[in-house]
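A short worksheet on the structure shown next.
The values are calculated or read from the model by the stated rules, or taken from the named source; none is laboratory data. Just so it is clear, the model here is predicted, and its values are computed rather than measured. Here the Cβ positions follow ideal geometry from the backbone for every residue, glycine too, while neighbour counts run over all protein chains shown.
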Amino acid sequence: MSDDDPIGLQIPDEHVGPFVAEVFEDAERDTSWENVVDAMVAPESRDAWEGLSPDEQAIEVLKIAAGYDERAIDHLELIPTDGSAEAGTVEERFGEARRCRRNADTFRDGIAAAYADGYLDDDALVAAIEAVGFDTDRIADREEALETVANHFDLDFQPYGGTLIEDEGRIGEEQTAPETW
């Protein structure tokens, strides 16, 4: 085993749900499950939505959140940092990437709220994660791309406030609180 090998810790079954919910919680948001459903499900589709089990609903929400993460990265990758960016497109694409980021984080925060309110139990939450996954590398890529573009073009950007999942290179380093704006 080398220093670069990941260390796996077994989380007891009774703690998996709370751990996942805490990872999904966004301290900067107060999203309810109802807010997520209202934002995501058209009124004419409510009957079909209500016909899904809670874990099927959570799967759909997590799929959409992952899609928003991908779209944020796609928007950021379209912003050239070599000086060839067209006037106006940088701010537009950056704004769209931030909107996608906010939506992804809000949807996952809604999942955490559904768990806290008892709508999703441990089994439903774990089933949703197992079906969709939770790609922390994708989120890290999203955050890195946001920071790169923001720094290059001197754009306003608030780094992600979560500290539960840390970058391997920063584990144990002192964390500073993000600037409030």
Could you say whether any residue in the range 88-111 is at pLDDT 95 or above, part of a loop (DSSP other than H, G, I, E, B) and of a type in the set (D, E, K, R)?
no
Restricting attention to the range 116-142, the residues that are at pLDDT 95 or above and among the aromatic types (F, W, Y) number exactly 1
For residues that are free of Cβ contacts under 8 Å to residues at least 60 places away in the same chain and hydroxyl-bearing (S, T, Y), scanning just the range 44-96, find the one that is surrounded by the fewest Cβ atoms within 10 Å (Cβ to Cβ).
S84
When the range 134-150 is checked residue by residue, the ones that are within 14 Å of the chain's Cα centre (by Cα) and touching a residue at least 12 places away in the same chain (Cβ under 8 Å) are F134, D135, T136, R138, I139, A140, D141, R142, E143, L146
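Just to be sure before I move on: is T31 surrounded by 15 or more Cβ atoms within 10 Å (Cβ to Cβ), modelled with pLDDT under 95 and of a type in the set (S, T, N, Q) in the structure I sent? So that I can check it myself, show each step before the final result.
On the way: surrounded by 15 or more Cβ atoms within 10 Å (Cβ to Cβ): yes; modelled with pLDDT under 95: yes; of a type in the set (S, T, N, Q): yes.
Spelling it out, T31 is indeed surrounded by 15 or more Cβ atoms within 10 Å (Cβ to Cβ), modelled with pLDDT under 95 and of a type in the set (S, T, N, Q).
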Looking at the range 36-81 only, could you name the residues that are hydroxyl-bearing (S, T, Y) and not in a helix (DSSP H, G or I)?
S53, T81
